[in-house]
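Quick note: the coordinates plus some simple rules give every number you see, no bench work behind them. Values in this document were obtained by computation on a predicted structure and should not be read as measured data. Because the Cβ atoms are built from the backbone with ideal geometry, glycine has one as well, and the counts that use them run over all protein chains shown.
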Amino acid sequence: MRTPVRLLFVLLGLVAGSAVCLSLGVASLAGGTGGAGLPGLGVVTPALSPAGAAGATAAAPAAGESPVAAVALSWALGRLGTPYRWGGEGPGGFDCSGLVQAAFAAAGLPLPRVAQDQFDVGPRLARGATLEPGDLVFFGSSTSGVDHVGIVTGPGEMVDAPHTGAVVRVEPIFSNGYVGATRPAP
């Protein structure tokens, strides 16, 4: 990873039949995160269960966290390792906006197909607003030149399908080309 961020995997003893849930806690280390220079990256640690099916649900959302956002984020994290495919809408591959659209559709919230349209539909967050799990972060040359989107997983990190040759992954929120954020599931 490019920045000193650690991922903490904690196994929960939640047994429902033979199911085991996994809680992913993301905490930033002293020295900053991949979102260095980005305002409003508060410390959050969402509880998520791995999502294997389109109807997957997340563990109970943290106080103030949208249940729709929790499901969308859990669904996207369940696709880690899926190959990037330009124009991909799954299941064999995703591009950035295809991953976002599919994740929110799995949570029951339809979003437009491309990153620019996803940014335009908003609702936009004010600069300096605290980013929460499930918020969307956008990148490009300007607010009318958006070309990439990711889903916030925790402080300074997002899940995205970054580019050809890569896979769906969690990575630092880029500071270069950052245009803004939206909260489609308040």
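Of the peptides 130-141, 111-122, 93-104, 78-89, the ranking by mean beta-carbon count within 10 Å, highest at the top, reads 93-104, 130-141, 111-122, 78-89. Divide the volume of the convex hull around the Cα atoms of segment 85-186 by the residue count and you get 93 Å³ per residue.
Database remark: amide H of Gly78 closer than 5 angstrom to the amide H of Ala51 (H placed geometrically; neighbours at sequence offset of 5 or more, or on other chains; Pro and chain starts carry no H).
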